[in-house]
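Worksheet: one structure, shown below.
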2 protein chains.
Amino acid sequence: LVNGSDLIRPGEVWLVGAGPGDPDLLTRRAEKLLAAAEVVFYDALVGQDVLQFARGAAQIFVGKRAGRHFADQGRINQLLLSAANDRKRVVRLKGGDPSIFGRSLEEAAFLHARGVAVHICPGVTAASAAVASAGAALTSRGIARSVQFVTGRCAGEESDDDWIRSASPDTTIAVYMGRKDAPELASKLMARGFDALTPALVGVNVSLPDERLLRTTLQSLTLSTACLSDDEAVVVVIGPAAAATSIAHGPAFTATCEWRLVS
Amino acid sequence: LVNGSDLIRPGEVWLVGAGPGDPDLLTRRAEKLLAAAEVVFYDALVGQDVLQFARGAAQIFVGKRAGRHFADQGRINQLLLSAANDRKRVVRLKGGDPSIFGRSLEEAAFLHARGVAVHICPGVTAASAAVASAGAALTSRGIARSVQFVTGRCAGEESDDDWIRSASPDTTIAVYMGRKDAPELASKLMARGFDALTPALVGVNVSLPDERLLRTTLQSLTLSTACLSDDEAVVVVIGPAAAATSIAHGPAFTATCEWRLVS
């Protein structure tokens with residue numbers, strides 16, 4: 001067992017990235033912090049395979065998932081503060097990387113303003129894991145010069161259409177929490193001039209035993225995401241670098257990833 | 001010692017993200033792969049603290065750094081192929097995450113086309129680690145709705161100015177390999193209408209013992225990067241989420257990060 005009790009002092013809170021789900025994609029630091037924690041507050045996207053590293057800790061679910069307990073951000077902030085004030089060693093465990101759509105800043109600011117020491121442990125973000133499983137990439141010379149991370153929600157708000165209007169085909173777009181909104185986003189990108197056959201990779205429960213990687217196109221994105229449920233973690237990566245597996249990889253990859261063509 | 005020999009079969013190549021530098025920010029899988037490797041090809045940004053996990057492997061430097069050996073991409077491809085053809089268990093170790101500016105696709109495509117099985121292990125990317133050290137974030141509700149990862153080189157090429165013309169202040173911009181080109185990028189962003197006082201975070205050797213985090217602004221970015229050397233790994237994060245430490249964190253963070261104001 002890894003000893004990390006020197007990493008967290010009583011009354012301190014670590015915001016920790018759990019990565020995409022596979023416990024092997026935890027960082028060594030995250031493993032040590034979980035072993036040292038007395039209380040772990042975890043999200044819906046964090047599974048038992050990861051929580052096993054925190055066997056000695058009270059494990060408190062604060063995630064949002066269909067039909068299960070839901071704690072709003074204000075309540076989560078209060079729970080974290082209360083545990084810190086009780087002089088516990090506290091880990092706040094978030095799927096992926098805390099700095100990317102993880103609301104880490106809101107929790108850190110709340111705690112810091114109340115005198116609690118906060119630290120952040122970065123993690124592997126879902127889009128990186130999705131393209132790794134697929135043998136693809138987020139950037140590649142001559143194919144994708146940059147990558148932009150957005151949320152599905154962005155596509156649904158008028159005020160957020162700015163970035164869609166200026167989206168460029170040589171920038172890969174990674175859409176987080178995009179199950180519901182990806183189709184609308186795809187429509188808007190096509191309206192803006194994106195080729196309907198622009199490749200897209202839909203990663204479902206990436207890195208977990210039930211991982212599915214769906215290769216599709218902008219015009220088929222609605223169909224590709226329609227069959228997914230609320231309980232599944234979905235990341236959509238749009239652009240040629242995400243599809244480069246078709247060029248670069250064939251049978252050699254069937255051992256590590258499974259393609260299901262939806263049409 | 002972790003046994004990962006079942007992870008790499010002889011003749012296979014794993015492209016592995018080493019994370020930003022701190023060995024505790026390696027993933028558990030990367031640690032296992034390094035322990036199982038017979039040959040490790042590593043970049044300039046990968047240090048001895050990480051390579052120690054591959055004690056049993058031949059360690060071959062293929063990076064680019066001032067005054068040291070340089071291997072071009074074609075030569076690296078050939079070295080990887082040769083090791084795979086020799087039925088070695090091969091790890092190609094890259095700083096950060098292989099899918100973000102890591103040229104992973106070029107190497108994977110080259111090897112796959114020649115019948116070599118390639119797998120990818122994602123890693124923690126430098127921008128995530130920089131904002132984690134700083135107690136900041138890449139996105140935050142109401143502050144930064146998305147984040148875009150670009151390279152310094154992008155700023156120097158006319159053909160790449162498209163994204164700068166369309167850059168939006170509510171998207172965080174993370175500039176990799178940006179030491180030389182960040183000042184030009186800053187000028188272009190200001191010309192495009194960005195506030196000269198837009199906050200920027202310069203992360204130098206992020207997560208390593210000599211990490212430095214410099215808080216600056218777009219208008220001072222030239223000054224802030226002028227003192228850095230070619231040998232230092234630099235990531236520049238532009239936007240209010242990267243600066244939110246000034247609001248959220250104070251003395252509680254001095255133990256984990258050091259601010260040096262450059263003016």
Please name which of A:Thr225, A:Pro183, A:Leu111 has its Cα lying farthest along the dipole of chain A towards the positive end, using unit charges on Cβ (Lys, Arg +1; Asp, Glu -1) and the Cα centre as origin. A:Leu111
Can you give me the P(r) profile for the stretch B:1-116? Cα pairs, bins 5 angstrom wide beginning at 0, each as a whole percent. 2, 13, 24, 26, 22, 10, 3, 0
Residue separation between A:Asp195 and A:Gln48 times 0.36 nm, minus their alpha-carbon distance, gives in nm 48.8 nm
Calculated P(r) tail over 39 Å for the protein assembly as shown, as whole % of Cα pairs: 18 percent
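With charges only on Cβ, +1 for K and R and -1 for D and E, what is the dipole size of the protein assembly as shown about its Cα centre, in debye, rounded to 20?
Values: 54 positive and 56 negative charges, 124 e Å.
Using Cβ point charges on Lys, Arg, Asp and Glu, the protein assembly as shown gives about 600 debye.
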List the extent of the Cα atoms of chain B along each of their three principal axes, largest first, rounded to whole Å. 56, 44, 37
Non-local amide H neighbours of B:Lys88 (under 5 Å, H modeled in plane, Pro and chain starts lacking H): which ones? B:Gly11
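Restricting to the protein assembly as shown, what percent of DSSP beta bridges are antiparallel, rounded to 5? Intermediate values should be presented prior to the final figure.
Details: 38 of 86 bridges.
Percentage antiparallel, nearest 5: 45.
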With the dipole of the protein assembly as shown worked out from charges on the C-beta (+1 for Lys and Arg, -1 for Asp and Glu) around the Cα centre, which of B:Leu80, A:Leu197, B:Ser168 lies farthest toward the positive end? B:Leu80
If you count only protein heavy atoms and use a 1.4 Å probe, how large is the accessible surface of A:Met177, to the nearest 10 Å²? 120 Å²
Simple spin-label model, 7 Å along Cα-to-Cβ: A:Arg9 to B:Asp162 in nm? 5.1 nm
Return the distance in nm (one decimal) between the two label points of a simple spin-label model at B:Lys180 and A:Ile60, each offset 7 Å from Cα along Cα→Cβ. 5.2 nm
Counting helices only, and only those DSSP H runs with n ≥ 4, report the 222 nm mean residue ellipticity of chain A as the sum of -39,500 (n - 2.57) divided by its residues, in deg cm²/dmol to the nearest 500. -7500 deg cm²/dmol
Inter-chain shielding metric for A:94-102, i.e. average beta-carbon neighbours from other chains within 10 angstrom, reads 6
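Restricting to lysines 8 or more places apart or on different chains, can you count the pairs in chain B with Cα atoms under 25 Å from each other?
Final tally of qualifying lysine pairs is 7.
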Report B:Arg145's accessible area, 1.4 Å probe, all protein chains in place, as a number in Å² to the nearest 10. 90 Å²
For the stretch A:1-156, share of DSSP beta bridges that run antiparallel, in % to the nearest 5: 10 percent
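Can you tell me how much longer the chain between A:Asp231 and A:Arg75 gets when fully stretched, taken as 0.36 nm per residue apart minus their C-alpha distance, in nm with one decimal?
On the way: separation 156, 0.36 × 156 = 56.16 nm, distance 2.20 nm.
Contour length minus Cα-Cα distance gives 54.0 nm.
With every protein chain kept in the model, how would you rank A:Leu218, A:Leu223 by accessible area, 1.4 Å probe, largest at the top?
On the way: A:Leu218 5, A:Leu223 100 Å².
Ranked list, largest accessible area first: A:Leu223, A:Leu218.
The values are calculated or read from the model by the stated rules, or taken from the named source; none is laboratory data. The structure presented is a predicted model; accordingly, all values stated were derived computationally and were not measured. Reconstructed Cβ throughout: ideal geometry from the backbone, glycine too, with neighbour counts over all protein chains shown. Protein only, heavy atoms only, side chains kept; ligands, DNA and RNA dropped before computing areas. Shrake-Rupley method; radii C 1.70, N 1.55, O 1.52, S 1.80 Å.
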